[in-house]
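Some notes on the structure that comes next.
The values are calculated or read from the model by the stated rules, or taken from the named source; none is laboratory data. Since the model is a prediction, treat every value here as computed from it, not as a measurement. Virtual Cβ from ideal backbone geometry, glycine too; neighbours counted across all protein chains shown. We work out accessible area using only protein heavy atoms, side chains counted, and drop any ligands, DNA or RNA first. Shrake-Rupley method; radii C 1.70, N 1.55, O 1.52, S 1.80 Å.
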Amino acid sequence: MQDYQYPLDMEWTTKEIILVVNLWQALEDSYEKGISAEKFLDAYKGFKTVVKSIGEERKLGREFEKLSGYSLYKAVQEAKTHPDKKLRMKG
């Protein structure tokens, strides 16, 4: 894990923050060591209960990619394309 802060909204509840942090951690795992696509998509599903708008998702995803170099969009697309495989992103 690198030294950066996850993009979060301080107006979210503790439960919502946990769901969003779970996705950022799953995204990190997809790039750093690999994660099952199913587990990644579960974290993404939890994230979508908090971040319902695609515009906000894109904004947060771009913000995280700028900080970490890890693309939420690319990871989600890859996981959806191969849901039964291990997700191991390159970048």
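For the chain, find the longest principal axis of its Cα atoms and tell me its angle to the long axis of helix 14-32, 0 to 90°, nearest 10. With both axes taken from Cα atoms, the answer is about 30 degrees. In this structure, the amide hydrogen of S36, modeled 1.01 Å from its nitrogen in the peptide plane, lies closer than 5 angstrom to those of L87, counting only residues at least 5 positions away or on a different chain.
Once every DSSP H run of n ≥ 4 in the chain is given -39500 (n - 2.57) and the sum is divided by its residues, what mean residue ellipticity at 222 nm do you get, rounded to the nearest 500 deg cm²/dmol?
-20500 deg cm²/dmol
Of the residues V21, Y44, Q5, the one whose Cα sits farthest towards the positive end of the charge dipole of segment 1-49 is Y44 (charges of +1 on Lys and Arg Cβ, -1 on Asp and Glu Cβ, taken about the Cα centre).
Here the Gaussian network model covers the chain, with springs between Cα atoms less than 10 Å apart; of L23, L41, L67, L67 fluctuates the most. Bridgeable lysines around K74 (alpha carbons under 17 Å apart, same-chain partners fewer than 8 residues away excluded): K33, K39, K45, K48, K59, K66, K85, K86, K90. The protection proxy used here, the mean number of other Cβ atoms lying within 10 Å of each residue, ranks peptides 55-64, 79-88 as follows, highest first: 55-64, 79-88. Over all Cα atoms in the chain, the spread is summed up by Rg and Dmax: 12.1, 35 Å. I'd like to check one number: the per residue accessible area of segment 46-85, probe 1.4 Å, reported in Å² as a whole number. Spelled out: the 1.4 Å probe surface of segment 46-85, per residue, equals 64 Å².
For segment 1-45, give the magnitude of the charge dipole about the Cα centre (Cβ charges: +1 Lys/Arg, -1 Asp/Glu; no others), in debye to the nearest 20. Can you show the working numbers first?
Working: 4 positive and 9 negative charges, 32 e Å.
So the dipole magnitude of segment 1-45 works out to roughly 160 debye.
Relative to the dominant Cα principal axis of the chain, helix 37-50 is inclined by about 20°. Here K33 sits with roughly 130 square angstrom of accessible surface, probe radius 1.4 Å.
Seen against the Cα atoms of the chain and their longest principal axis, helix 54-68 is set at about 70 degrees.
In the chain, carbon and sulfur make up what percent of the accessible area (probe 1.4 Å)?
Numbers: 2950 of 5870 Å².
Summing carbon and sulfur atoms, their accessible area is 50 percent of the total for the chain.
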